[in-house]
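Take a look at the structure set out below.
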Amino acid sequence: MARKKNQNNDKTLTAKRRLVTHTNPKLPVAEQYRTIRSNIQFSNLESDVRSLVMTSSGPSEGKSTTAANLAIVYAQQDKKVLLVDADLRKPTAHFSFRLENHIGFTNVLTRKVQLLEAVSETEIPNLSVLTSGPIPPNPSELLASKNMDALLEEMYEHFDFILFDTPPTLAVTDAQILSNKVEATILVVSSGKTDKAAARKAKELLLNAKARLLGVILNDRKIEDGGSYYYYYGTN
């Protein structure tokens, strides 16, 4: 029992560290997320970007943590935000926000559950999360379906900003499929880790899918500032 309790405490601590814009909004890294938000908003002066795909070239490059924190800073602007865990291979949003994942995105896509029945509210005002739901055998087919088109339109009716956390672009076609349906896409790369050729290939695949690629977020770049180091996130 003690070991299980310690494991649960470790998971809670990890989740809090991931959501730095909520737990430590005054840190420099939290300010960088707000800068990303501003850059997205200024990318189109005629109207706000309302739907966004977050992807990466490969795994473990920080896209899910970036997506969660970006969703939080949008919610902090009093916008009704929906974070969708569209990584139907290795979902993580339910861990980050400590939510159940019995019902979610896949249940809504297959019309087993209504959208608002599957959405979970979080402790963060204005931020809702649609967890992945059960892992399906055919993620790409579900995302390419007409049900997805109808669901996106329904999301627009209820939320001001919708952010999709998708699998890495080079691994499967899911990000390409969704990026063709939403208004904008951002590619996350990890400083010192992401292979340049892989990043270029991911960009090429997204553009071939007719994605509106706003830019790249450079993740895990350490900057020395007065003897201290922090993570830097910026758009290019």
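The values are calculated or read from the model by the stated rules, or taken from the named source; none is laboratory data. None of the values given here were measured: they were computed from a predicted structure. Don't worry about glycine lacking a Cβ; one is built from the backbone with ideal geometry, like all the others, and counts go over all protein chains shown. Just the protein is used for accessible areas: all its heavy atoms, side chains included, with ligands, DNA and RNA removed. Shrake-Rupley method; radii C 1.70, N 1.55, O 1.52, S 1.80 Å.
General observations
- Assigned charges on the beta-carbon of Lys, Arg, Asp, Glu; the chain dipole about Cα centre (debye): 780 debye
- Of Ser47, Ser60, Ser38, the one that fluctuates the most in a GNM where the chain has Cα springs shorter than 10 Å: Ser47
- On a per residue basis, the stretch 153-196 carries 37 Å² of accessible surface, using protein heavy atoms and a 1.4 Å probe.
- Dipole of the chain computed with +1 at Lys/Arg Cβ and -1 at Asp/Glu Cβ about the Cα centre; of Pro134, Gln77, Ile162, farthest Cα towards the positive end is Pro134.
- Between Glu153 and Glu31, the simple spin-label model (points 7 angstrom out along Cα→Cβ) gives 4.5 nm.
- Charge tally around Ala86: other residues with Cβ under 9 Å, Lys/Arg +1 each, Asp/Glu -1 each, net -4.
- Around the Cα centre of the stretch 31-137, unit charges on the Cβ atoms of Lys, Arg, Asp and Glu (plus for the first two, minus for the last two) sum to a dipole of about 220 debye.
- For the stretch 14-79, size of Cβ-based charge dipole, Lys and Arg +1, Asp and Glu -1, in debye: 300 debye
- Estimated FRET transfer efficiency (Asp48, Lys210; beta-carbon r; R0 22 Å; 0.05): 0.60
- Surface exposure of the stretch 27-148, expressed per residue as accessible area with a 1.4 Å probe, stands at 45 Å².
- Exposure here means at most 10 other Cβ atoms within 10 Å; with GluC sites (Glu not before Pro) in a DSSP loop as sites, the longest stretch of the chain lacking them is 124-236.
- Label-reachable residues, the stretch 46-82, where backbone N falls under 18 Å from a point 7 Å from Arg89's Cα toward its Cβ: 53-67
- In the chain, the portion of solvent-accessible area held by carbon and sulfur atoms comes to 49 percent [1.4 Å probe, whole percent, DNA, RNA and ligands not counted].
- Every pair of different Cα atoms in the stretch 75-175 enters the Kirkwood calculation, which places the hydrodynamic radius at 13.6 Å.
- Proximal lysine pairs, the stretch 104-227, alpha carbons under 19 Å, eight or more residues apart or interchain: 10
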